[in-house]
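A quick write-up on the structure given underneath.
Where a number appears in this text, it was derived from the coordinates with a stated rule and is not lab data. Bear in mind that the values here come from a model prediction, so they are computed numbers and not experimental data. Don't worry about glycine lacking a Cβ; one is built from the backbone with ideal geometry, like all the others, and counts go over all protein chains shown.
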Amino acid sequence: MSLQTLVVPVAYNEKIKLKNVIDRFLKSPCVSLADYLIVDDGSDDGTTEMIASYRDKGVKTLKHARRRGVGAAIRTGIEYARNNGYAVIVIMAGNDKDNPDEIPALLKGLLDEGHDLVQGSRYLGKVGAGGQMPFYRKLATRLHPMVFSLFTGRRLTDTTNGFRAIRLSIFDDTRIDLNQKWLDTYELEPYILWKVITLGYKFKEVFVTKIYPAQKSGGYTKMVPIISWWSILKPLFYLRLGIKR
């Protein structure tokens, strides 16, 4: 990794699963090659204290005073990275669905091939979703890329996967405005992906795994059917119709 890289998991009340996320990263090949910042979105279940216990191992953290949403948390991570001289940010889940050993596969597309965003895909020619992925999410994670591909004219396979690497210089483009209130929850990620593709930045997908833990282990998501999925879908309609910019 020749570009300064910051890996950013975002989490809200993920004390148990986030501990495993941290431990896995600290054992991964990336631990000596990238910095690590957890954005804590106002947790109140002991997550904050658990993260603090890793301070002496180089784990950095920023905490929102209250829960603001995953989009706002990602924005905080991006702002921190840009303000502190990083060139690349890797966004990953704080609920242990992503494998940190696959971070180099994302970064290869940026560092060796010159792409601006490399999107992880569980559906890129392989079966990558493991564990107890709920049926409605299987449908939704297939529907979203179909709509996205139709609206942008670019075939994508997994547009709801939050595991991705981004070249931070794209945010110098004033046509990409992250500081919009409507992007605070699940809208920000498809917004960034839409802008990258429609503005002509270099983009690719790479295969990654995605593991869904059993419900009894703490659940697989904090998303709410219908409400949260509209939050992910509406940027496509808003941007396509020119309602938002």
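Has the stretch 31-47 got any residue that is within 24 Å of Ile166 (Cα to Cα) and either touching a Pro at 6+ places or on another chain (Cβ under 7 Å) or among the aromatic types (Phe, Trp, Tyr) (or both)?
Within the stretch 31-47, one or more residues are within 24 Å of Ile166 (Cα to Cα) and either touching a Pro at 6+ places or on another chain (Cβ under 7 Å) or among the aromatic types (Phe, Trp, Tyr) (or both).
Out of all the residues in the stretch 62-100, which are part of a strand (DSSP E or B) and surrounded by fewer than 21 Cβ atoms within 10 Å (Cβ to Cβ)?
Narrowing the stretch 62-100 to residues part of a strand (DSSP E or B): 62-63, 88-93.
Within the stretch 62-100, Leu62, Lys63 qualify.
Residues are listed down the side, and each one gets a yes or a no for (1) touching a helix residue (DSSP H, G or I) at 6+ places or on another chain (Cβ under 6 Å); (2) over 26 Å from Ile176 (Cβ atoms); (3) of a type in the set (Lys, Arg); (4) without any contact (Cβ under 8 Å) to a residue 24 or more places away in the chain:
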{"residue": "Thr48", "(1), (2), (3), (4)": "no, yes, no, yes"}
{"residue": "Ile51", "(1), (2), (3), (4)": "no, yes, no, no"}
{"residue": "Tyr54", "(1), (2), (3), (4)": "yes, yes, no, no"}
{"residue": "Arg68", "(1), (2), (3), (4)": "no, no, yes, no"}
{"residue": "Ile74", "(1), (2), (3), (4)": "yes, no, no, no"}
{"residue": "Gly77", "(1), (2), (3), (4)": "no, no, no, no"}
{"residue": "Gly85", "(1), (2), (3), (4)": "no, no, no, no"}
{"residue": "Met92", "(1), (2), (3), (4)": "no, no, no, no"}
{"residue": "Asn99", "(1), (2), (3), (4)": "no, yes, no, no"}
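Restricting the stretch 31-61 to residues that are in contact with a Ser or Thr (Cβ under 8 Å, 6 or more places away or on another chain) and hydrophobic (A, V, I, L, M, F, W, C), which is surrounded by the fewest Cβ atoms within 10 Å (Cβ to Cβ)?
Ala52
Between residues in the stretch 2-29 that are in contact (Cβ under 8 Å) with a residue 60 or more places away in the chain and within 17 Å of Ile91 (Cα to Cα) and residues that are of a type in the set (Gly, Ala, Ser) and surrounded by fewer than 16 Cβ atoms within 10 Å (Cβ to Cβ), which pairs lie under 6 Å by C-beta distance while being six or more apart or on different chains?
Pairs that qualify, where the first residue is in contact (Cβ under 8 Å) with a residue 60 or more places away in the chain and within 17 Å of Ile91 (Cα to Cα) and the partner is of a type in the set (Gly, Ala, Ser) and surrounded by fewer than 16 Cβ atoms within 10 Å (Cβ to Cβ), are Lys17/Gly218.
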